Structure formats: structure tokens, C-alpha cells
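J.: This is the structure I have questions about; it appears just below.
The values are calculated or read from the model by the stated rules, or taken from the named source; none is laboratory data. Values in this document were obtained by computation on a predicted structure and should not be read as measured data. Please note: Cβ atoms are built from the backbone with ideal geometry, for glycine as well, and neighbour counts cover all protein chains shown. SASA here: full protein model, heavy atoms, side chains in, ligands and nucleic acids out. Shrake-Rupley method; radii C 1.70, N 1.55, O 1.52, S 1.80 Å.
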Amino acid sequence: VLFFAVLFIYFTCISTVQTTDCLHLREQCLNAANGCESVWNVVEDACNISVLGNRCKAEDTLGCNRIIQVLADEYPEFKNCVCTTEDICSITTLLGKQCGTNKDHISTETKLQWGLSALSKQVYTTNRSCLDVNRDCVEDEVCNKQLSLYLKVCLVNKKCNMEGCQAAVRFFYGNMPFEVAQMMIFCDCIQHDESCHRAKELLHGKPCADTAVPPPSCLNVIHMCEENELCRKKYTTFQAKCWRHVTKKCYEDEACLETLIKDDMPCSANADCKAAYISNWGTMLHMECTCQDLPPAEQPLCELFRHMLHSKSCFS
């Protein structure tokens, strides 16, 4: 009841009809059992909207805006309750006029936050231990704050909520400098180091964000992605940045793609490619997929997609 009253104060700048609609959407979200509740809980944490008297001053304005963008992308019914212009989501409509920010302010705030982080000053090196990277993040105040929000969604005792965890993964890696993100995503472990492998699973959202039972075919993953606006945009960017010669030769012609073999497919492996790959995390593109039990005619194309989505050749 108290939280509801606080929300009502923030909605005073909005028409009564829209306020009612948005509050109703929130109630639907909390009761939907489809991952929305997990994303909303991260919105609450990132935006401090349940704290009395804070006048909607989110400590992490960038993080608040980005997780609301995730909410609107994942659950489009909220788009009338938030503003999503210029790829930066404003919290004005959802939480009140006093919460508005602009791009320059967000950029400055990000630099200030990560400027205080020792982790952001580390130079990226390949093959770092995931255990060491995890420890560095936990010991870093800025990184640990984001890690805690992410683990709150992905580490649950009850049944895994894949959609909510995927949204949290996108928020986590999208809300940090590129150098820090690649440090975490490209960390590794020696074979029998169980502590390291556990740390790797924590950092990479495993198994909740990327493991379905039974695993889908890699063909189905691509086709499902193409039907989802957010995923399709990420896949298009990933192709353009990492596999440009493939898209240049075949574009989306699957018959053409079937004629290619892995040796004909060098990956660009530059910084733009790595950024596009990192952006795939928290989407169905990063789900574990298989090419087993497919008809022989579909095997070559499936193996090609699997190579493009999961091959380490780009980054080793």
C-alpha cells in the first residue's frame, strides 16, 4: 500500500487515464509469471522508486533509464508509459517530470561513476581467470552494485525465469564500459578449476539465461530471432560487424549460405565485432543450441549458424 501511494505521487504529472493504465500495467506485470516481475523489480532497485522522499532522484540515472528501456523492449505494452527516444529511455513519463535527463547528463554521469572504479582502469588482457575477474568485480563498488542487481534476478531458488534473467544480463553488460564487459565475457578457466567455473557461470548468466531443455536447433534460434524486433536488430548488427563477407555474398539467402564452409568464413574479430557479440548476450542468440537430430538436408545450414553464433575463433 505504501509503495502504491509513492507511485501515485510520481504519476501526478500524467493524465488520470494514462496514470490508471500504467498502474494497471504494473499490476499485470507483477502477476503475469512471464518474467515481467523480475524486470520490474530491477527497475525498482535501479530507479529507487520505492524510497520515500527521494523525489525520484535515481543514484544511477543511466542504469535506471537503461533498465526501463529493457522493460519497454521486452514488454511493449509499457511503451506508452515511458519515452524511448534516441535510444535513451527517459523516466519522465513513468515517474514524474522531475526525473527527466538528457544524453549529455547521462554521459557525464557514466564517466563519473566508472571514473571512480579501479576495475575500469584495468587494461584488458586475454584469458584472464573468471575467478579473478569475479573477485575484482565484487571488490569494486560500482561493478558490485550492478552485479547484485543482476544476480538478484538470475540467482533464484525457485524455477529459473529465463526472460527475466536475459533482460538482467542485457542490462548488466549494457551498463558498463566496453573494456570491463569484454574482461568478464572473455574470461576463461582451466578444465578442473571448479571455483573458477562457478564464477564463470555467475558472470555469464548460466544456466538460467541460455539453457533450455531440450535445447532448440540453431536453425530455430535464428528463425525465432528474425521474428523478434529487438533480436533481429542485434543479429543484423552482429552479421555486419563480424561476418560482413558472408552477408555481402549471401545476405539472407539460405540456399547461398548452405554453399559456404567454415574455412571460407573468417571473422573480422575487431572491437566493433566484439561489441556486437557482447550485445547478443541476454538474447536468444546466445542460447545454447544444437544441430543434432535434424534432417541431413538441414545440417549444413544449422552448423553454419552454430559456428557464427558460438565459435570462439573470433576472440581466441
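J.: Inspect segment 204-213 for any residue being outside any loop (DSSP other than H, G, I, E, B) and open to solvent by 10 Å² or more (accessible area, probe 1.4 Å) and give the result as yes or no.
T.: For segment 204-213, residues outside any loop (DSSP other than H, G, I, E, B) and open to solvent by 10 Å² or more (accessible area, probe 1.4 Å): absent.
J.: In the set Gln182, Gln166, which member is touching a Lys or Arg at 6+ places or on another chain (Cβ under 6 Å), in contact (Cβ under 8 Å) with a residue 40 or more places away in the chain and buried (at least 16 other Cβ atoms within 10 Å of the Cβ)?
T.: None of the other options fit; the residue is Gln182.
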